[in-house]
Amino acid sequence: MKYVVTIAALAGLSACTEGSFLGGVQSTDPAVVAPVAVAGPDLSPSRGAAFAPPVRPTIDVTQTRPNLPPPPPPTARTVEQFDTTTAADRAAAVARPVSGERRLGTTIASLGSPTEPGIWFKTPLVSEVIQGRVDYNGKSVNVELRPSGGAAGAGSQISLAAMRLIEAPLTGLPEVTVYAN
């Protein structure tokens, strides 16, 4: 019994060293410090809504049309799966523009969030949601112009559906001309 207690005590003490119980080497250099794992912030939903990041971006309904296409499914992986616009939406977007539009300027556009459905264009060239048109290399698409909140001269973002309709490279930064209706 005396031996069992002694062996158990030695086994417990050996767990406190860096080496293993059977011949591990213990560092005697005081400058060597064991790495400490740094825990990130706890963003679990159990901490409340303020701590849980959204899975999909939220859409401000005051800044969009009420008849938006549905958001892409959570399992979307391809361009076709992310673009949930209908054939009717795409046909209306490439229809000839009505007269009375004015040129707002040119801007560099990047692909916006593919999880935001619809045919839209976020730009600092507008201060409120209005209908407009974007031209690129002879291709034109009618879009919902949304304010980006950026400074004048800052770039813009274009929806996946709109970018496909003007046949701009999805990974490129096309320079587009923007018109307001």
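Where a number appears in this text, it was derived from the coordinates with a stated rule and is not lab data. Values in this document were obtained by computation on a predicted structure and should not be read as measured data. So basically every Cβ, Gly included, is an ideal-geometry build from the backbone, and we count neighbours across all protein chains shown.
Brief remarks on what is shown
- Scoring 109-120, 130-141 by mean Cβ neighbours within 10 Å over their residues and listing the highest first yields 109-120, 130-141.
- Dividing the radius of gyration of the alpha carbons in segment 61-180 by their Kirkwood radius gives 0.93 for Rg/Rh.
- Couplings 3J(HN,Hα) for segment 131-148, derived from phi with the Karplus relation 6.51 cos²θ - 1.76 cosθ + 1.60 (θ = phi - 60°), are 8, x, 8, 10, 10, 8, 6, x, 9, 10, 9, 7, 9, 8, 7, 10, x, 8 Hz, where x marks Gly and Pro.
- Extension gain, ALA91 to ALA154, is 19.7 nm, computed as 0.36 nm per intervening residue step minus the present C-alpha separation.
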